[in-house]
Amino acid sequence: LKESGRYERVQSLGKGAFGFVQLGRKLQNNELAAIKFLKRGDVNKYVESEILNHSMLRHPHVIQFKEVFLTADYICIAMEYATGGSLFSYVQSQARLKEAVARWFFQQLVIGVDYCHKRGVANRDIKLENTLLQKVDGLPLPLLKICDFGYSKADMRSAAKSKVGTLTYMAPEVLVNRDGKYDGKVADIWSCGVMLYVMFYGRYPFEVPAGAAMPKATEILSMLDNMVRQKYELPAKVEVSEPGKDLLKKMLLPDPKERITLEDVMKHPWFTTNLPPEA
Ligand code: ADP
Ligand code: MG
Ligand code: MG
């Protein structure tokens, strides 16, 4: 960080699969930024698309990209610093969210994802860990910001083929598909549905048994079978409204052609109550 001569290190913020993230202060203007360090030796198409795609986006519900610079060992992405941690930690600390709180975050998620899609970018790694929170004075709850465009895919390039993302959030058509292609944007809608489920119930709708580092093929197949048969539990001890369950069901439709569109998500009765203020 010093080597760049531009930022001083403040603290560590997190670690992901491909690098680490630190809070830095820009020497020139004292502004704080979250800096994602990606090892230069590992530079591959994902690093390239992370930078290209993230840098095209500007929206209140997307972590703002600031600049990219190099150190001897790393490619560094400087971006807006989210002060409230991840939605994952937030949900974990609450066990699960009340419907009104889930709605507050979900609306912002969908508005942010819809913006990315309209700019031609599918995130392909939508999950609680990749949605960060920004505390804002005067608001009872933090704002949501989508981050991590490491697996993102721009429309203009060929159709999506890679099985990227995170297993528990992966749409069935990403796991298996006939012609090796899927629409990353439609797969994002499934992942948003998984997020809604986790916010409601504090657990995943579809899982492989925990334990081994690599799930067995048979375990993945049985998870896929549940996805295709729409077999997920709606634990009776957690009360979720009928419109809430209806929206979940439409987002977790296994056939990408039948799955609800974001346009219709935004018109759904569960969604349209109490829209959040514009960020
Ligand atoms: P990876 O691609 O390795 O998953 P992420 O971009 O998701 O990396 O960042 C890893 C973690 O670092 C996030 O889950 C979050 O906890 C933290 N983090 C990332 N970006 C920021 C940010 N802009 N502000 C605050 N924390 C961040
Ligand atoms: Mg991540
Ligand atoms: Mg990533």
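Site pair Lys249 and Ser162 shows an inter-label distance of 3.7 nm when each label is modelled 7 Å from Cα along Cα→Cβ. Entry note, the stretch 181-274: relative contact order of 32 percent, from Cα contacts under 8 Å with a spacing of 6+ residues. Using the Cβ-Cβ distance between Thr272 and Asn177 with R0 set to 22 Å, the FRET efficiency from 1/(1 + (r/R0)^6) comes to roughly 0.10. Loop-located trypsin sites (Lys or Arg not before Pro) in the stretch 158-215 (DSSP state other than H, G, I, E, B) with a sparse environment of at most 15 neighbouring Cβ atoms within 10 Å: Lys161, Lys163, Arg178, Lys181, Arg203. Eigen-decomposition of the gyration tensor built on the alpha-carbon atoms of the stretch 1-159 gives equivalent ellipsoid semi-axes of 25, 20, 14 angstrom, largest listed first.
With both labels modelled 7 Å from their Cα along Cα-to-Cβ, the Ser241 to Lys45 distance reads 4.4 nm.
Taking the centroid of alpha carbons for each part, the stretch 203-224 and the stretch 1-71 are 33 Å apart.
When only the Cβ of Lys, Arg, Asp and Glu is charged (+1, +1, -1, -1), the dipole of the stretch 153-279 relative to its Cα centre reaches about 340 debye. Among the aspartates and glutamates, which fall within straight-line cross-link reach of Lys135, defined as a Cα-Cα distance under 15 Å, with same-chain neighbours fewer than 8 residues apart omitted? Within the straight-line limit of under 15 Å, Lys135 reaches these aspartates and glutamates: Glu80, Glu278. A Förster distance of 45 Å, applied to the separation of the beta-carbon atoms of Thr218 and Gln28, puts the FRET efficiency at 0.20. Coordinate range of the alpha-carbon atoms in the stretch 1-78 per principal axis, descending: 32, 31, 20 Å. For the stretch 1-84, the dipole from Cβ point charges (+1 on Lys and Arg, -1 on Asp and Glu) about the Cα centre works out to 100 debye, to the nearest 20. FRET efficiency for the pair Phe88 and Thr261, taken as 1/(1 + (r/R0)^6) with r the Cβ-Cβ distance and R0 = 25 Å, rounds to 0.45. Using only Cα atoms, what Kirkwood radius does the stretch 119-237 have, in angstroms? About 15.8 Å for the stretch 119-237. Across the cross-link table entries Lys45/Lys250; Lys98/Lys163; Lys185/Lys250; Lys15/Lys250, which are compared at the Cα atoms, the separations over 24 Å belong to Lys45/Lys250; Lys98/Lys163; Lys15/Lys250. Only the Cβ atoms of Lys and Arg (+1) and of Asp and Glu (-1) were treated as charged; on that basis the dipole of the chain about its Cα centre amounts to roughly 300 debye. Using every pair of separate Cα atoms, the Kirkwood estimate puts the hydrodynamic radius of the stretch 39-93 at 13.0 angstrom. Over the Cα atoms of the chain, the radius of gyration divided by the Kirkwood radius equals 0.96; this is the Rg/Rh ratio.
Report the relative contact order of the chain, percent, no decimals, based on alpha-carbon pairs under 8 angstrom and at least 6 residues apart. In percent, rounded to a whole number, it is 15.
The Stokes-Einstein estimate for the stretch 126-184, based on a Kirkwood radius over Cα pairs and taken at 25 °C with 0.890 mPa s viscosity, is a diffusion coefficient of 179 µm²/s. By the count of neighbouring beta-carbon atoms within 10 Å, fewest first, Arg103, Arg96 end up ordered Arg96, Arg103.
Distance between the 7 Å Cα→Cβ label points at Leu70 and Val136: 3.8 nm. The per residue volume of the convex hull around the alpha-carbon atoms of the stretch 168-255 is 105 Å³. In terms of other Cβ atoms within 10 Å, Glu67, Glu263 run from fewest to most in the order Glu263, Glu67. Cβ crowding within 10 Å, taken as a proxy for footprinting-reagent exposure, orders Thr273, Thr131 from fewest neighbours to most as Thr273, Thr131.
Each stretch of four or more DSSP H residues adds -39500 (n - 2.57); spread over every residue of the chain, this sum gives -9500 deg cm²/dmol at 222 nm.
Taken together, the values in this text are just the output of simple stated rules run on the coordinates, not laboratory data. Because the structure is a prediction, the values reported are computed rather than measured. Here Cβ is always computed from backbone atoms with ideal geometry, including for glycine, and neighbour counts include all displayed protein chains.
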